[in-house]
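Comments concern the structure below.
Each reported figure results from applying straightforward, stated rules to the coordinates on display, with no laboratory input. A quick note: this is a predicted structure, and the numbers were derived from the prediction, not measured. In this analysis, Cβ positions are derived from the backbone assuming ideal geometry, glycine residues included, and neighbour counts consider all displayed protein chains.
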Amino acid sequence: MAKTVPAQAVPPRPQPVKVGANTQYRPPAYVNQGLRNPNMNLPSQFSGTTVSHSRGLSNNPYVAMTFDDGPHPQNTPRLLDMLRARNIKATFYVIGGNVDRYPHIVRRIVAEGHEIGNHTYTHRKLTSLGDSEVKKEMRRTEDAIVRAAGVRPRTMRPPYGALLTRQRSAVFADFGYPTIMWSVDPNDWKRPGPSVVASRILKGAHNGAIILAHDLHAPTVDAMPKTFDGLLSRGFQFISVSQLLAQKGQA
Ligand code: NI
């Protein structure tokens, strides 16, 4: 007796790829509906001739969180989720090479209202480079950011904080970028652990602080919920570096 041949399962038809409008899109649901960042509409147009800044004015409880060396394919999206959940804005000093690798993450950073700054293309120490090479580092990165997200960075941060006074003036003249340093440094790149990173930032925070951190490192991102919630509970509000500079300009 012949065995019954089992009926072949008909493979499901591949669904057509939807190319029309993204009707699935919903605006992000904030964890806390209260407006945690009420100063999004603060002016961000800054002017003036100050070439370097390491902090903002201290008469308002504003801080600028800055994240260097990204975008990173896992850590940056994870950080963006944390920022979005709290409706707070940050500034990302991105490396041009990483922008070209992960342009979709740069687009997300911009789409979610954060600011992008120039952190060079190759993350070399600029003090040992000639003027034309410094210019090339800045130009390549600016071009990559414009290609990825359609916005032009307005400030720069030198890798390792290393940029000669003369070079700062040249970059300011060539690109209009003020050099942005910082006033709070948790040394997170030494990987002291998330709770140490958070407590160093909370201890160092002050009105007008520019806080340095690196979204390249997973433990830094792990430290951020505690950091953000601690700063929020102490009454700090998060604004971008350009907004901080615009405050300075008004004084
Ligand atoms: Ni860096």
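Can you tell me what share of the DSSP beta bridges in segment 52-245 is antiparallel? A percent to the nearest 5 is fine. In segment 52-245, approximately 5 percent of DSSP beta bridges are antiparallel ones. Here the relative contact order of segment 145-234, from alpha carbon pairs under 8 Å that lie six or more residues apart, stands at 24 percent.
Please state the shape class of segment 49-88: rounded when a/c is under 1.5, otherwise prolate if a/b exceeds b/c and oblate if not, all from the C-alpha gyration tensor. Oblate, since a/c reaches 1.5 and b/c is not below a/b.
Label 7 Å along Cα→Cβ of residue 57; segment 203-244 residues with amide nitrogen under 18 Å? Answer for segment 203-244: 206-210, 236-244. As a proxy for reagent exposure, 115, 133, 142 were ordered by neighbouring Cβ count within 10 angstrom, fewest first; the result is 133, 142, 115. When the listed pairs 89/226; 125/203; 89/248 are checked against a 27 Å cut-off, the alpha-carbon distance exceeds it for 125/203.
Can you give the FRET efficiency to the nearest 0.05 for residue 218 and residue 187, using r as the Cβ-Cβ distance and R₀ = 22 Å? After rounding, the FRET efficiency stands at 0.85. Using a cutoff of 8 angstrom between alpha carbon atoms and counting only pairs six or more residues apart, the relative contact order for segment 52-245 works out to 35 percent. Charge dipole of segment 52-245 (Cα centre as origin; +1 on each Lys and Arg Cβ, -1 on each Asp and Glu Cβ, all else neutral): 100 debye, rounded to the nearest 20.
Taking a ≥ b ≥ c as the square roots of the Cα gyration tensor eigenvalues, segment 52-245 comes out prolate, since a/c reaches at least 1.5 and a/b is larger than b/c. Multiplying the residue separation of residue 13 and residue 143 by 0.36 nm and subtracting their alpha-carbon distance yields 42.5 nm. The simple spin-label model puts a point 7 Å past each Cα toward its Cβ; for residue 74 and residue 206 those points are separated by 3.7 nm.
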